[in-house]
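Asks: Pasting in a structure now, in structure tokens, and then I'll have a few things to ask.
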Amino acid sequence: GGNQAVSVARAGVRSAMIGAVGDDDFGRALLDNLERCGVDSRFVRIAAGAGSGMSVAIFDDGGDYGAVIVSGSNLTLGEKDIAAATEMVAQTAVLLLQNEVPEAANIAAARAVRRHGGRIVLNAAPARKLTGELIALTDIVIVNAIEAEFLAGIPVVDTLEGAAEAARMLIKSYPAAIVTAGGEGVVYCDRDGQAFALAAIPVKVVSTHGAGDEFVGAFAAGLARGHQVEAAIAAANAAAALLVATPERERERPETGGRLRR
């Protein structure tokens, strides 16, 4: 969730994170980066004896990538961490969750934010089976093509038509669903009958690494600003396009808002 928290801060919205990093140089560097990028990291704990969670990106010649995920300290996050951040949780307009941490922690955070009237957005990545309680607490689920195939149980979601079909399947469980389809674009669908697709903005792609995090963070920032869903998705679509057209080394510059290095 670190890169998503940075994306929220880059959009000019107050951003805070509850998490755990490893008791290692990498963990301390992650905390330093969060602070440098303007993310409130008071409730990011150093997990004694644990290594930092990370993903190792593997690129192809076209700039697309896959990732190997090492959970590490992320698995130490629990309900006590959520309880320690009660005051911050009470002020949360939009809670952004990922599947990188134990589901019990996500449920505890979602319950607390829901009590105070906040919205819950679940980026269901990496894909895994979820309990009914977390699904019931979620207002909007966001998935990419691979995650959509897993959760919706249908093959081939890497087109807008496939993404739309997956979104229609997902709203049988969730009130609203966003399915991203890489260079094709993004689809939204909800139980109130609203549905639309946005094509990806044509850019010269340097690297797709981080595009998903940028999209999710920018979308959450839009919701926190009070934007309607379609406007928030359009802004997130633009933010992701800008990111994939920017060389990795340029993303670290202060004027681009910075990113956590993985």
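The values are calculated or read from the model by the stated rules, or taken from the named source; none is laboratory data. Computed from a predicted structure; not experimentally measured. When we count neighbours, we look across all protein chains shown, and the Cβ atoms used for this are built from the backbone with ideal geometry, even at glycine.
Asks: Among the numbered criteria (1) out of contact with any helix residue (DSSP H, G or I) (no Cβ under 7 Å at 6 or more places or on another chain); (2) modelled with pLDDT of 95 or more; (3) within 18 Å of PRO126 (Cβ to Cβ), which one does ARG14 miss?
Replies: Of the numbered conditions (1) out of contact with any helix residue (DSSP H, G or I) (no Cβ under 7 Å at 6 or more places or on another chain); (2) modelled with pLDDT of 95 or more; (3) within 18 Å of PRO126 (Cβ to Cβ), the odd one out for ARG14 is (3).
Asks: Can I ask one more? Restricting attention to segment 120-140, and to residues there that are at pLDDT below 95 and among the charged types (D, E, K, R), which single residue is farthest from the chain's Cα centre (by Cα)?
Replies: My answer is LYS129.
Asks: I've got another one for you. Failed condition for GLY117, given (1) at pLDDT below 95; (2) part of a loop (DSSP other than H, G, I, E, B); (3) not basic (Lys, Arg), with all others met?
Replies: It is condition (1) that GLY117 fails.
Asks: Restricting to segment 153-169, count the residues that are buried (at least 20 other Cβ atoms within 10 Å of the Cβ) and in contact with an Asp or Glu (Cβ under 8 Å, 6 or more places away or on another chain).
Replies: Within segment 153-169, residues that are buried (at least 20 other Cβ atoms within 10 Å of the Cβ) and in contact with an Asp or Glu (Cβ under 8 Å, 6 or more places away or on another chain) number 3.
Asks: Give the residue that is modelled with the highest pLDDT, with candidates limited to residues of segment 38-66 that are part of a loop (DSSP other than H, G, I, E, B) and under 30 Å from LYS204 (Cα atoms). Please lay out each step first, then the result.
Replies: Here is the first cut: in segment 38-66, the ones part of a loop (DSSP other than H, G, I, E, B) are 38, 48-53, 60-64.
With under 30 Å from LYS204 (Cα atoms) added as a condition, the list becomes 38, 60-64.
On the way: GLY38: 96, ASP60: 65, ASP61: 66, GLY62: 62, GLY63: 52, ASP64: 59.
Selected residue: GLY38.
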